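K.L.:
Before I ask anything, here is the structure I am working with.
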Amino acid sequence: MRSKAQHIMVSSEASKRLRVLVVDDDPVVCETMRLVLRGSGFVVAVVTEARQAFARALHFQPDVALVDGYLDGMTGVDVVRALRGEPASRAIRIVALSGVAERTLLEDMRRAGADAFLTKPASLDTLLATIRPQP
């Protein structure tokens with residue numbers, strides 16, 4: 001049985017775990033990201049429909065959102081704009097993802113408010129270094 005001090009320490013450690021929202025219309029990418037990120041100690045939520053991303057972000061309150069550039073029904077640029085347009089989600093670190101390193105998409109995502117851009121598939125080291133807060 002845990003002492004009260006041990007329970008507080010465990011609860012404190014759990015609360016420090018970064019919360020990551022994955023927004024990608026490919027269920028295989030979402031599940032892979034979920035498994036990899038959870039295995040690396042993150043709390044993860046996934047959304048496969050772009051129109052659900054904003055509501056899920058407000059409910060889940062992620063520290064980081066990984067947003068694919070091309071989604072069904074809207075673009076990742078639209079998702080980034082929606083997140084940056086709402087005071088409750090402005091502090092989320094947004095990492096734009098795309099399977100192609102398209103200059104126009106990169107510029108559009110940055111103008112919309114993305115903090116970083118990765119081309120898929122990114123190495124695990126690169127992904128983790130981009131997600132984790134910089135000292």
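K.L.:
Per the helix-only calculation at 222 nm, which mean residue ellipticity applies to the chain, given -39500 (n - 2.57) for every DSSP H run of n ≥ 4 and division by its residues, nearest 500 deg cm²/dmol? Working shown, then result.
P.N.:
Details: 6 runs with 65 residues, N = 135.
Using -39500 (n - 2.57) per qualifying helix, the result is -14500 deg cm²/dmol.
K.L.:
Taking 25 Å as R0, compute the FRET efficiency from the Cβ-Cβ separation of Thr32 and Arg132 and round it to 0.05. Could you put the intermediate results ahead of the total?
P.N.:
Working: r = 19 Å, r/R0 = 0.75.
With a Förster radius of 25 Å, E is 0.85.
K.L.:
Can you give me the angle between helix 103-112 and the longest principal axis of the chain, using Cα atoms only, in degrees from 0 to 90, rounded to the nearest 10?
P.N.:
60 degrees
K.L.:
Can you give me the angle between helix 4-16 and the longest principal axis of the chain, using Cα atoms only, in degrees from 0 to 90, rounded to the nearest 10?
P.N.:
Its long axis makes an angle of about 10 degrees.
K.L.:
Okay, moving on. Taking the alpha carbon gyration tensor of the chain, what are the square roots of 5 times its eigenvalues, largest first, to the nearest whole Å? If you can, show how the numbers build up before the last one.
P.N.:
On the way: eigenvalues 150, 51, 38 Å².
Each semi-axis is the square root of five times an eigenvalue, giving 27, 16, 14 Å.
K.L.:
Shifting gears a bit: Okay, which of segment 37-58 sit inside 20 Å, backbone N to the point 7 Å along the Cα-Cβ direction of Asp115?
P.N.:
37-47, 53-58
K.L.:
Net charge within 14 Å of Leu106 by Cβ-Cβ distance, Lys/Arg positive one each and Asp/Glu negative one each, not counting Leu106 itself? Can you show the working numbers first?
P.N.:
Numbers: positive: Arg103, Arg110, Arg111, Lys120; negative: Asp68, Glu102, Glu107, Asp108, Asp115.
So the surrounding residues net to -1.
K.L.:
Can I ask one more? Put +1 on the Cβ of every Lys and Arg and -1 on every Asp and Glu Cβ in the chain; which of Ser40, Met109, Gly73 then has its Cα farthest towards the positive end of the dipole?
P.N.:
Checking the options against the dipole of the chain, the answer is Ser40.
K.L.:
Sorted by average packing, counted as other Cβ atoms within 10 angstrom per residue and highest first, what order do 65-76, 18-29 take?
P.N.:
Numbers: 65-76: 21.2, 18-29: 19.2.
Order by mean packing, descending: 65-76, 18-29.
K.L.:
Can you pull out the trypsin sites (Lys or Arg not before Pro) in segment 50-114 whose DSSP state is coil and whose Cβ has at most 11 other Cβ atoms within 10 Å? Before the final figure, lay out each step's value.
P.N.:
Working: sites: Arg51, Arg56, Arg81, Arg84, Arg90, Arg93, Arg103, Arg110, Arg111; in loops: Arg90.
Within segment 50-114, the qualifying trypsin sites (Lys or Arg not before Pro) (loop, at most 11 other Cβ atoms within 10 Å) are Arg90.
K.L.:
Okay, moving on. In a Debye calculation with equal point scatterers on the alpha-carbon sites of segment 79-135 and no solvent, what is log10 I(q)/I(0) at q = 0.26 Å⁻¹?
P.N.:
-1.09
K.L.:
On a full-extension model of 0.36 nm per residue, what is the gain between Arg103 and Asp125, subtracting their alpha-carbon distance, rounded to one decimal in nm? Before the final figure, lay out the partial values.
P.N.:
On the way: separation 22, 0.36 × 22 = 7.92 nm, distance 2.33 nm.
Extending this stretch completely gives an extra 5.6 nm.
No value in this document is a laboratory result; all are computed from the given coordinates. Model, not experiment: these values are computed from the prediction. Methodologically, a virtual Cβ is constructed for each residue, glycine included, from the backbone with ideal geometry; neighbour enumeration extends over all protein chains shown.
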